[in-house]
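Data block below; observations after.
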Amino acid sequence: MKTRKSINILFIFVVLCLLVITACSKTKEADKIETPSIVNDNVQKEVPKAWEMNMSTYDVNVLYQVPEFTPNVGKYEINSDLSSLFNAGQYTGFTQAQMDSISEDGFVALMPSYDVLKMHHIYEFPMYKESPVFITVDSALHLYHLYYDNSLKLVEASTMYEKLENMSFNIFFESIETYKNIKYEDLNEELKFISAYFLTACKLMDIDIQSIDVPEEITTLADEEMKLIEDSSDYSKSPILKKDLDYSQFVVRGHYTGDEKLEKYFKTMMWYGLSGFPVFDETKTEPTLDIDSLTKSMIITCLTLKDEKNFTAHENIYSTTALYAGMSDDLGIFEFKDLITNVYGQNPDLNIFKDSTYYGRLLEEALLLPEPKIQPKLTLVSTSVGRQFRFMGQRYSFDAEVLQNLMEPIMRPVPSGLDVIASFGSLRAEKLLDTYYKPKEKWDKYEENLNEMRGKQEEITDNEWMSDLYKGWLWSIKSSAVSFEEMEGMPTFMRSEKWTDKNIHTALGSYAELKHDSILYMKQAAAEMGGGGDINIPYNYVEPNVEVYCKLKWLAQNTKEHLKVRNMLDEPTSNVLDSIIEMQDTLMNVSVKELTNQNITEDENNLLYTYGGRIDNIIQIIYSMLYEKNLNASNDYTTALIADIATIAPNSFFPKGTYLEIGNGLPCEIYLVCNTNGKTYLAKGALFNYYEFLSDKRLTDANWHNLIGIRKAAIVYDNEIGRYREAGTYDENGVLSVEEGVDYIEEVQIGEPSLHMVSKPEWTNSFISTEENNVMVTNNIELDWSK
């Protein structure tokens, strides 16, 4: 007979067994959750092809090589009155101080004469005066800007606009259909905001959506978003994103102004590039998923991958812009495709994103996603700064990372272009910063961060610099900022501190053009405030910076090959690039000859003398290509331009945001003592005219031209008075006011700068004369350059 005690023990044993069995069963069930039934179902159904597609890769390998040489330029004396020069007296109007600069330093840089609107015009004029030209690094860098800016404009308007339009409409339609599908009612709230997100893009492009029945709640969200975009004011909370967004970024600027198509493209791409969906809840100290935002990002990714045409359009736009501007600093379709596949499998049912049992695995994968390198330093506004999904993310650039890391709210909120040059290793740029901006006195971490950026720069390989056109251009700018003060055998004029300052100014002038041309795509740093008959051709001279011309030659060759493998190289584009390659090759070879005391040939000298005309010919080909695509080139009447490169966000001390603007005014002039084939003479060249200042609004080129004193007017012929008269003017935004129906022609006028015109950076006074430029070429000097 069993006792009660033994029965109790038996009962406990049975219960324990049942608990173990139940626990094992639950463990097995939990194991099954890691491989969800929905994923298994996907194996049986067809997976859209886009899930297997990736970003296109192109095999391009253009050799970069610098010729070997040893500089060995001899010294030559320059009389104080310049009488020892072969062409003494050919130029008049120098002040005594300007002549002293020529005799002591070998050159003088002058402010604009206000006679020319474009840099290459300075090189065209000497052809009619038989005076020598000095071809500067500035002009060579500017030549690549002319190609980069206009070719990007051409591909945006002729190819990418249509792709963007079709893709935006198709994904919007798909999002609306999904929103209305009762199968996804648990995702109703997320799909509402996603539909409004793509509806906003459709509205920005004026896409006809009348055939689609759009629920009122979605239209209301998009309309609220559109009002903020149209106002283009400071940071405001986005109705769709539920985060602060810098709406001032929607001010159309760069080469996008003045053309309706490009303006729409700018705003739509800015919407896709600026609006971010954070992966993590940035209010928490421990990594915590922002499930709402993350779910929206994954749904957008799936909607894009559902149709191969949409994914292909997205990939084409992204990969083409990546050629020009590099890869995104944020997460996008490609990264989220892998994230979804790793957690849920390919092409999962959207409802699975609501299943919390996946969140642990999702967190593990999300933590493996790369952090953005450029993270704004903000405290007052709620803009996401960490890992985030952006449909067409803004691009990473080393210079933006430098600016971001050398900004600090309150202590050092405003960076300088000199920060970028200093990060390249320029000790002179660092000294100029210490003297004129004093960042080390304002912020004790500045020097440490600058050295960290220099270390990063030193680790960048040539292959990385060559990976896209933006980096390649920045690589060329880096070489233009070097100092030759300690380099034996270089010309005397290049071995002075003044010339080093000139080189830094050159680099910054080209940097302003680079930022202007790529302003739509690049992520910004941000922190809170705190011809004729026979002529007697003179000798001509090239600024002998061989490495810059080598890089610019490589850059043009690399551009051509990349376009060729993408089937984007037509005959006119090929001709333009071939002309640039030939020109840079000539400048490189002549520079080597100058530095090694070799004579230049007559053909080389003729090519140098016609430099301005050859640039003008390239410009005319480019304009012809633009006109063929119905693109307006009438705004390209000057090389003066402006670009904002950093945002100083509002805070409790400064309620209004401000922006660091960099730009170029009308070109400066430089007169240099040169020596070619035994003759010592004075030659004239063109320099950038760099500006850097804070503005309370993001400036367009038209705003900047108005400050400089450049204005456009509508001129009509008046039969009553028998001559042309002004019938209307363009305002500071480039808008024309003229009577309707009146036939007019445009005239560009140069007048006095605005009363609100800013000053040049003080440090540029070290090499640019502050006196007026009254220099002219005399007509009564006859010289035989052939003897």
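Structure above, values below:
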| read-out | value |
| --- | --- |
| Cα Rg, Dmax (largest Cα-Cα span) when computed across the stretch 407-505, Å | 14.8, 47 |
| Cut-off 15 Å between beta-carbons: net charge of the residues surrounding Tyr123, Lys and Arg +1, Asp and Glu -1 | -3 |
| Compactness index (Cα Rg / 2.2 N^0.38 Å), the stretch 348-436 | 1.59 |
| For the stretch 132-179, accessible area per residue (1.4 Å probe, heavy atoms of protein chains only), Å² | 20 Å² |
| Of Lys180/Lys284; Lys237/Lys309; Lys306/Lys373; Lys192/Lys306; Lys551/Lys697; Lys438/Lys478, pairs whose Cα-Cα distance is over 25 Å | Lys180/Lys284; Lys237/Lys309; Lys306/Lys373; Lys551/Lys697 |
| Vicinal HN-Hα couplings computed from phi for the stretch 616-626 (Karplus, 6.51 cos²θ - 1.76 cosθ + 1.60; Hz; Gly/Pro x) | 4, 5, 4, 4, 5, 5, 4, 4, 4, 5, 5 |
| Global form of the stretch 298-374, assessed from the alpha-carbon gyration tensor, a/c cut-off 1.5 | oblate |
| Exposure rank, largest accessible area first [Glu594, Glu156; 1.4 Å] | Glu594, Glu156 |
| Ranking by accessible area, most exposed first, for Asp399, Asp585 with a 1.4 Å probe | Asp585, Asp399 |
| Summed residue charge, Cβ within 12 Å of Met226's Cβ, Lys/Arg positive, Asp/Glu negative | -3 |
| Per-residue ³J(HN,Hα) for the stretch 85-95, Karplus 6.51 cos²θ - 1.76 cosθ + 1.60, θ = phi - 60°, Hz, x for Gly and Pro | 6, 4, 9, 4, x, 6, 10, 10, x, 5, 6 |
| Most positive-pole-ward Cα, Asn536, Tyr446, Gly509, against dipole of the chain from beta carbon charges | Tyr446 |
| Dipole axis of the chain (+1 Lys, Arg; -1 Asp, Glu on Cβ), positive-most option in Thr435, Phe336, Val592 | Phe336 |
| Alpha-carbon Rg/Rh ratio, for the stretch 62-152, with Rh computed the Kirkwood way | 1.04 |
| Surface per residue (accessible, 1.4 Å probe) for the stretch 192-257, Å² | 38 Å² |
| Size of charge dipole - the stretch 142-216 - debye, nearest 20, with Cβ of Lys, Arg +1 and Asp, Glu -1, no other charges | 240 debye |
| Accessible-area composition of the chain, carbon plus sulfur, in percent [1.4 Å probe] | 48 percent |
| Net charge of Cβ neighbours under 12 Å - reference Arg725; Lys, Arg +1; Asp, Glu -1 | -3 |
| Residue (of Gly657, Gly89, Gly345) at the positive-pole extreme of the chain, dipole from beta-carbon charges | Gly345 |
| Rg and Dmax of the stretch 550-687, Cα atoms only, in Å | 20.5, 66 |
| Rg and Dmax of the chain, Cα atoms only, in Å | 31.0, 139 |
| Rounded Å value of the spacing that divides the Cα centres of the stretch 154-213 and the stretch 429-450 | 48 Å |
| Cβ charges +1 (Lys, Arg) and -1 (Asp, Glu), total dipole of the stretch 390-429, debye | 80 debye |
| For the stretch 674-775: rounded, prolate or oblate by the Cα gyration tensor [a/c cutoff 1.5] | oblate |
| Shape category assigned to the stretch 157-261 from the gyration tensor of Cα positions, a/c cut at 1.5 | oblate |
| Dipole magnitude (debye, nearest 20) for the chain, charges at Cβ of Lys, Arg, Asp, Glu | 2560 debye |
| Accessible area (Å², 1.4 Å probe, nearest 10) - Ile721 | 80 Å² |
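The values are calculated or read from the model by the stated rules, or taken from the named source; none is laboratory data. For clarity, every value in this text was computed on a predicted model and none was experimentally measured. Virtual Cβ from ideal backbone geometry, glycine too; neighbours counted across all protein chains shown. Each accessible area value is taken on the protein alone, full model and side chains, heavy atoms only, with ligands, DNA and RNA left out. Shrake-Rupley method; radii C 1.70, N 1.55, O 1.52, S 1.80 Å.
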